[in-house]
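Data first, discussion second: the structure below is written as structure tokens.
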Amino acid sequence: MEPEIIQLIDEHGHEVDFELIASFDLDDTRYAVVVPVDSDGEDAYILRVEQDENGNDIFVGIEDDDEFNDAVEAYNELMEEYEEYYDDGFDEEE
């Protein structure tokens, strides 16, 4: 499966390619987890996904600390569930 690549504009106005790692909903708000394509994968960002007037997705940085912390917690729980599912489903026989 090909990774989903999205282009975002950084604070200097430059286009930067990001790989979409995950997306999830929390309290009727959609979030996306992205990493820069040209990084070592340690710099992940959680962005809020909103819609513009044409219905296109726009990715917005989360400035509110409480909202950010809630999104991080929800993402971590999602990853724990994912790991548990695959650990239970693909145990190697001894």
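The numbers here are math on the coordinates, done by the rules we state, and not lab data. None of the values given here were measured: they were computed from a predicted structure. For neighbour counting, all protein chains shown are included, and Cβ atoms are generated from backbone atoms with ideal geometry for every residue, glycine included.
Okay, here's what the table says:
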read-out: Count of residues meeting criterion [in a loop (DSSP other than H, G, I, E, B), in contact with a strand residue (DSSP E or B) (Cβ under 9 Å, 6 or more places away or on another chain) and either of a type in the set (S, T, N, Q) or closer than 18 Å to Pro3 by Cβ (or both)] in the stretch 14-71; value: 6
read-out: Pairs with Cβ under 8 Å, 6+ apart, first in the stretch 1-25 and free of Cβ contacts under 8 Å to residues at least 24 places away in the same chain, second among the β-branched types (Val, Ile, Thr) and exposed (fewer than 12 other Cβ atoms within 10 Å of the Cβ); value: Glu15/Ile9; Val16/Ile9; Asp17/Ile5; Glu19/Ile5; Leu20/Ile5
read-out: So Glu11, is it surrounded by fewer than 12 Cβ atoms within 10 Å (Cβ to Cβ) and assigned to a loop (DSSP other than H, G, I, E, B); value: yes
read-out: Pair list, Cβ < 6 Å and 6+ apart or interchain, from the stretch 47-66 residues that are surrounded by 10 or more Cβ atoms within 10 Å (Cβ to Cβ) to residues that are in a loop (DSSP other than H, G, I, E, B); value: Arg48/Ile62; Ile58/Asp52
